[in-house]
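Everything below concerns the one structure shown next.
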C-alpha cells in the first residue's frame, strides 16, 4: 500500500513536471517531447497499477500503449517536418515553430 | 482503497490538464495538452477495466485527433483571439455539470451485477446468440448481426466525416513558403 502510494507520488511528480513543460515550453519540440513523456508515464502508471493489483496482463497493455505513443509522436514530428502526412511531401520545407 | 487512490490522482491530473488547456492561448500548446489529456484518460480507462475504450482513446484521441488538429492549425492563426468571458455559456455549462454530478449519484455501483444493463438483454445474448447467429464471439454477433444496421450507419457516418475532413483540409496542408504560395486544391490527401 505504501509502496503503491510512493510509486504513484513519484509518477504524479513526473506527470506534473511534464505537463509544466508542455504548458511553458518555448519551442514546439519541448511540447512534443513533454507529451511523449506523458505517454511514457501513462505506460508506467499502467504497469505499476497492474503490478500492485496482481494483474500481469496489464504489462501487455502497457507495451501496446508504448507502441501507440511512439507512432503518435512520429506522426506529429513527420507532420512538422513535411507539413503533411501523405506522400506528396514538400522537398524543401524546413521546420518552423508553428 | 488503492483503486480510489489511483482514480483520484488520475482525475485530478485530468482536471489540471483541462484547466491549463483552457487558460493557454497558444493553440499548438493546447493541441499538445489535449493529446496529453487523451493519454491520461486512456490510463484511467485501463484502471476502470475498459481496455478497448482505452485503446480507442489512445489511438483516436491522442493520435488521429492530434494530427487532425495540427493539420487545422496550419490553416488558422497560431494564437487564440482574445475574448471576454461570456456569462450565459458559463452558466449553462456549470448548470449542466451540476446536473450530471447529481445524476451520477443515481447510477448503479461500479461492477454491480444487478445493474439494469446486465439484466435487460445481455442474458439472452449470452444464452442464445450462438444458436441464433452462429458466431462464437458474442460481441461480434451483437455488433454484426443484432445491431448490424446500427453498425452500418455508424460506419457510413464515420466514412462520410472522414471524406469531408479530407476534402476540407486535405489539399490545403501547409503551403510551401518560398514557392510563391501557389496552392493546389483538392489533391488527394494520402
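Structure summary
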item: For chain B, built as a Gaussian network whose Cα springs stay under 10 Å, the top-fluctuating residue of B:107, B:16, B:68; result: B:107
item: Residue exposure sequence - B:81, A:78 - by fewest surrounding Cβ within 10 Å; result: B:81, A:78
item: Zone residues, the range B:36-50, relative to residue B:69, backbone N less than 13 Å from point 7 Å out along Cα-to-Cβ; result: B:36-41
item: Prolate/oblate/rounded call for chain B, Cα gyration tensor, a/c under 1.5 rounded; result: oblate
item: On Cα atoms only, tilt of B:87-104 relative to the major axis of chain B in degrees; result: 20
item: Residue-span extension gain [residue B:159 to residue B:106] - 0.36 nm each, minus C-alpha spacing; result: 15.5 nm
item: Peptide B:9-22, shielding by other chains (average Cβ, 10 Å cutoff); result: 3
item: Inter-centroid distance (Cα atoms) of the range B:91-135 relative to the range B:21-83, Å; result: 27
item: Approximate spin-label separation residue B:99-residue A:9, in nm, with each point projected 7 Å along Cα-to-Cβ; result: 4.3
item: Separation of the residue A:24 and residue B:15 label points, Cα + 7 Å toward Cβ, nm; result: 2.4
item: Prolate/oblate/rounded call for the range B:1-81, Cα gyration tensor, a/c under 1.5 rounded; result: oblate
item: Average other protein chain Cβ within 10 Å of Cβ, residues A:32-39; result: 6
item: Theoretical ellipticity at 222 nm over the protein assembly as shown - DSSP helices of four or more residues, -39500 (n - 2.57) apiece, nearest 500; result: -22000 deg cm²/dmol
item: Residues B:106, B:49, sorted so that the one with the fewest Cβ neighbours within 10 Å comes first; result: B:106, B:49
item: Number of partner chain Cβ atoms within 10 Å, mean per residue of A:60-71; result: 3
item: Full-stretch length increase - residue B:4, residue B:90 - with 0.36 nm per residue and alpha-carbon distance subtracted; result: 27.9 nm
item: In degrees, nearest ten, helix B:122-133 long axis to first principal axis of chain B (Cα); result: 90
item: For B:120, B:83, order by how many other beta-carbon atoms lie within 10 Å, fewest first; result: B:83, B:120
item: Label point distance in nm, residue B:23-residue B:81, each placed 7 Å from Cα along Cα→Cβ; result: 2.5
item: Overall form of the range A:2-82 per C-alpha gyration tensor (a/c, 1.5; a/b vs b/c); result: oblate
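Each reported figure results from applying straightforward, stated rules to the coordinates on display, with no laboratory input. Not measured: the values here are computed from a predicted model. Every residue, glycine as well, gets a Cβ built from its backbone with ideal geometry; the counts of neighbours run over all protein chains shown.
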